Structure formats: structure tokens, C-alpha cells
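Working notes for the structure below.
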Amino acid sequence: VMEDSPSQPPESAACVVHIDVDAFFAQVEQVRLRILGFPVGVRQNTEVAAVSYEARKLGLYNRIGVDEALRKCPGLVLVRGDNGVDGMQRYRVESQKILLVIMSQLKPLYGSGQSEDVKGKLRPNWKVWKRYRVEN
């Protein structure tokens with residue numbers, strides 16, 4: 001006989017937070033090259049793996065072919081994003097910075113070691129996020 005599901009998950013249940021930083025690779029390049037506001041694409045081989053919001057407004061999308069991207073947006077700034085010299089390492093460094101900001105905001109929720117319902121408590125601290133953007 002199966003009982004009805006409990007109204008609360010067991011205390012041993014894990015809480016997983018998935019954060020997808022949209023256009024991450026393109027945004028890293030915009031900040032690094034100081035070209036905020038310009039259409040940027042991060043190239044991997046024959047396709048553009050990631051495009052900035054500015055490029056999206058011009059009809060580009062992630063995984064578009066390089067030739068098609070340049071036809072649609074001749075002013076597109078293309079940056080190599082592969083494992084070449086200083087390639088993926090710069091993205092790893094920037095993702096670690098973002099993770100530190102996120103963890104600094106989550107720490108008060110798990111720092112006590114007590115089980116606690118975090119529903120409604122995960123609100124971004126925009127002052128911290130803006131500070132991150134300005135410093136980078």
C-alpha cells in the first residue's frame with residue numbers, strides 16, 4: 001500500500017540551484033575588450049557558439065554558422081573562444097568570480113547548518129551584482 005506523498009520533502013532531500021548565465025561567453029568578451037553595446041560572437045571552429053544580446057537583436061543566435069552570421073551582421077565582432085592560448089581559461093576565471101558572488105548571497109541560507117525552506121528567500125542582491133559588473 002502506497003501512502004500519499006508527504007507535504008514536505010524529507011530533511012535529507014537535496015536542494016539544487018541551477019543558474020544559467022545567458023550569453024555568458026559573449027558578455028565576458030564585451031567586458032574584456034571594452035565593447036559593451038556592440039554585437040559580439042564567440043567563435044568555435046566554423047560556428048558562433050555564443051552571441052551577445054546586441055547580436056540577437058540583429059537576427060543571430062547561438063550555434064549559427066560563421067558565414068551566415070557575418071552575412072546577417074557585417075559589423076559582428078568575432079572572438080576565438082576555443083582552447084587556444086588564453087582560450088577557455090578566461091571563461092573559467094570569470095565563471096569563478098560569478099560563482100563567488102552567488103555563493104556569498106546563498107551563504108546566509110545554509111551557514112547555520114539548520115534545515116530551512118529557502119522558498120522566497122533567494123532574491124538577488126543587485127548592489128553586489130552591479131559591483132561585480134563595475135569591477136570587471
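Here are the numbers for this structure:
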quantity: Test: residue in the range 88-101 that is open to solvent by 20 Å² or more (accessible area, probe 1.4 Å) and in a loop (DSSP other than H, G, I, E, B); calculated: no
quantity: Among (1) modelled with pLDDT of 85 or more; (2) open to solvent by 30 Å² or more (accessible area, probe 1.4 Å); (3) more than 18 Å from SER95 (Cα to Cα) - the single one CYS73 does not satisfy; calculated: (2)
quantity: Top-ranked residue in the range 44-60 [being open to solvent by less than 20 Å² (accessible area, probe 1.4 Å) and part of a loop (DSSP other than H, G, I, E, B); ranked as nearest to CYS73 (Cα to Cα)]; calculated: LEU60
quantity: Some residue of the range 31-43 being part of a helix (DSSP H, G or I) and closer than 18 Å to ARG92 by Cβ; calculated: yes
quantity: Yes/no for VAL85 being among the aliphatic types (A, V, I, L, M), at pLDDT below 55 and open to solvent by 50 Å² or more (accessible area, probe 1.4 Å); calculated: no
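The values are calculated or read from the model by the stated rules, or taken from the named source; none is laboratory data. As the structure is a computational prediction, the values presented were derived from the model and not from experiment. When we count neighbours, we look across all protein chains shown, and the Cβ atoms used for this are built from the backbone with ideal geometry, even at glycine. Just the protein is used for accessible areas: all its heavy atoms, side chains included, with ligands, DNA and RNA removed. Shrake-Rupley method; radii C 1.70, N 1.55, O 1.52, S 1.80 Å.
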